[in-house]
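Worksheet: the structure to be examined is printed underneath.
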Amino acid sequence: MTESLLFRGATLEGRETADILVADGRIAEVGTGLSDAGARVIDAAGLIALPGLVDLHTHLREPGYEASETVLTGSRAAAAGGYTAVFAMPNTSPVADTAGVVEQELALGEAAGLVSVQPIGAVTVGQKGERLAEIGAMAASRARVRVFSDDGFCVWDPLIMRRALEYVKAFDGVIAQHAQDPRLTEGAQMNEGTVSAELGLAGWPAMAEESIIARDVLLAEHVGSRLHVCHLSTAGSVDLIRWAKKRGVDVTAEVTPHHLLLTEDLVRGYDARFKVNPPLRRDEDVQAVREGLADGTIDIVATDHAPHPAEAKSCEWQAAANGMVGLESALRVVHAAMVQTGMLGWADVARVMSRTPAQIGRLAGHGRPIAAGEPAELTFYDVAAGSVFERSDLRGRSVNSPYLGRELPGSVRWTVHAGRLTVADGAVNEEVPA
């Protein structure tokens with residue numbers, strides 16, 4: 001048995017204030033004036049209680065790239081950011097394209113014990129885009145994979161994409177597409193536009209993303225299957241998703257925290273922490289994705305947490321790897337970009353960072369209401385806090401954060417996973433049973 005926890009005076013999703021009693025892995029009671037003689041009492045006055053955050057797009061790098069991250073270190077980063085579940089992308093070595101690899105990842109997550117680690121399976125063998133991976137075997141495995149992606153690579157062949165959509169329809173799976181036409185982005189270094197021309201860097205045009213989204217929503221409509229668009233980043237992409245939803249296409253989309261806050265102007269300093277794929281876009285695109293998230297066109301926020309060792313970022317811009325770490329900072333960035341601007345309330349944050357990601361991934365036990373009888377997956381966030389984001393805020397193996405030195409609001413104070421404290425008063429609990 002785990003210890004009982006009594007959180008006093010939390011504000012439930014920014015609305016009413018209540019006590020929350022956690023016992024035996026579940027929320028035992030929610031109300032005012034609660035008591036339990038054997039419970040550990042935690043003062044949660046002034047803290048926002050949210051359902052534990054769920055990230056649909058995390059790179060944990062293990063197996064194969066443990067110099068960047070491991071399932072354990074990535075789980076620490078996730079817990080520190082208020083996450084209780086993460087979906088692990090398949091670009092590992094070996095690629096997660098078989099039942100054996102996804103079951104290995106699941107077991108590593110269970111051993112770490114800090115968050116639920118749900119593997120994502122590759123769409124094609126080796127993520128090479130040539131033939132379908134063992135989709136059915138991964139779906140039937142102990143990992144029970146329901147999300148499939150070649151993230152990092154686009155499923156460019158329309159026939160393979162169609163077949164993948166048809167295959168996953170049989171078990172209510174979803175294809176998560178990295179929307180990037182590879183021919184239109186060969187050698188691309190940043191967003192295509194005025195800034196790329198000034199800097200003399202090869203541009204990544206918005207239409208390279210938008211053309212794939214346009215094709216795939218039509219394929220999904222034809223097949224009648226579920227499509228998810230990863231890291232949407234342009235105003236035109238928002239318009240396409242809005243159009244597809246009006247047509248009744250079963251499509252969902254995500255935006256990253258960095259695309260909600262940062263713009264291409266940061267590339268002027270050639271600091272490779274700001275090199276990412278898809279690239280940072282124009283201010284007009286940032287405003288469009290914010291509006292799309294606010295009006296429900298974009299369904300969720302996903303981190304695209306992409307750790308890299310120092311040598312992959314401490315080099316000239318053209319040679320640097322794409323990607324940013326984001327698990328520890330995501331909630332604080334959404335607070336800055338969406339809540340402080342009045343575009344989302346805390347109930348909306350719960351929807352886009354917990355409930356809907358869990359629903360898209362068909363992940364049971366997460367994204368549930370804060371109510372008696374529900375699994376105890378909770379995040380307690382101090383909205384009144386705020387500080388300069390520093391390396392000491394990072395709990396993973398890599399430090400390639402674009403927010404280092406930037407003032408960010410808020411702070412995750414407590415995270416509860418499976419009824420256990422994984423973060424206690426802002427510190428990751430290393431004593432969680434492995």
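The values are calculated or read from the model by the stated rules, or taken from the named source; none is laboratory data. Quick caveat, the model's predicted, so the values are computed rather than measured. For neighbour counting, all protein chains shown are included, and Cβ atoms are generated from backbone atoms with ideal geometry for every residue, glycine included. Calculation scope for accessible area: heavy atoms of the full protein, side chains included, ligands and nucleic acids excluded. Shrake-Rupley method; radii C 1.70, N 1.55, O 1.52, S 1.80 Å.
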- Item | Flag for residue 350 being in contact (Cβ under 8 Å) with a residue 12 or more places away in the chain, part of a loop (DSSP other than H, G, I, E, B) and either open to solvent by 30 Å² or more (accessible area, probe 1.4 Å) or touching a strand residue (DSSP E or B) at 6+ places or on another chain (Cβ under 6 Å) (or both) | no
- Number of the condition not met by residue 224 [criteria: (1) surrounded by 16 or more Cβ atoms within 10 Å (Cβ to Cβ); (2) modelled with pLDDT of 95 or more]: (1)
- Query: Of all residues in segment 190-210, which are under 13 Å from residue 280 (Cα atoms) and not acidic (Asp, Glu)?
  - Reply: 190, 191, 193, 195, 196, 203, 204, 205, 206
- Query: Within segment 398-430, how many residues are more than 19 Å from residue 74 (Cβ to Cβ), of a type outside the set (A, V, I, L, M, F, W, C), open to solvent by 10 Å² or more (accessible area, probe 1.4 Å) and in contact (Cβ under 8 Å) with a residue 40 or more places away in the chain?
  - Reply: 3
- Message: For segment 203-221, give me each residue that is open to solvent by less than 20 Å² (accessible area, probe 1.4 Å), out of contact with any Leu (no Cβ under 6 Å at 6 or more places or on another chain) and under 15 Å from residue 248 (Cβ atoms).
- Response: 217
- Query: Out of the residues in segment 38-47 that are in a loop (DSSP other than H, G, I, E, B) and buried (at least 17 other Cβ atoms within 10 Å of the Cβ), which is modelled with the highest pLDDT?
  - Reply: 44
- Right, residue 397: closer than 30 Å to residue 189 by Cβ, among the charged types (D, E, K, R) and touching an Asp or Glu at 6+ places or on another chain (Cβ under 7 Å) or not? yes
- Item | Candidates 31, 52, filtered to the one that is surrounded by fewer than 16 Cβ atoms within 10 Å (Cβ to Cβ), in contact with a strand residue (DSSP E or B) (Cβ under 9 Å, 6 or more places away or on another chain) and closer than 20 Å to residue 375 by Cβ | 31
- Message: On the basis of being within 27 Å of residue 421 (Cβ to Cβ), modelled with pLDDT of 95 or more and open to solvent by 10 Å² or more (accessible area, probe 1.4 Å), does residue 106 make the cut?
- Response: yes
- Query: Looking at segment 380-422, which of its residues are within 18 Å of residue 85 (Cα to Cα), of a type in the set (Val, Ile, Thr) and over 19 Å from the mean Cα position of the chain (by Cα)?
  - Reply: none
- Taking into account only those residues within segment 125-141 that are touching a residue at least 40 places away in the same chain (Cβ under 8 Å) and open to solvent by 10 Å² or more (accessible area, probe 1.4 Å), which is farthest from residue 91 (Cα to Cα)? 140
- In segment 10-40, what residues are out of contact with any Leu (no Cβ under 8 Å at 6 or more places or on another chain) and under 15 Å from residue 414 (Cβ atoms)? 12
- Task: Would you please name the residue that is nearest to residue 17 (Cα to Cα), looking only at residues in segment 355-372 that are buried (at least 19 other Cβ atoms within 10 Å of the Cβ) and of a type in the set (Gly, Ala, Ser)?
- Result: 367
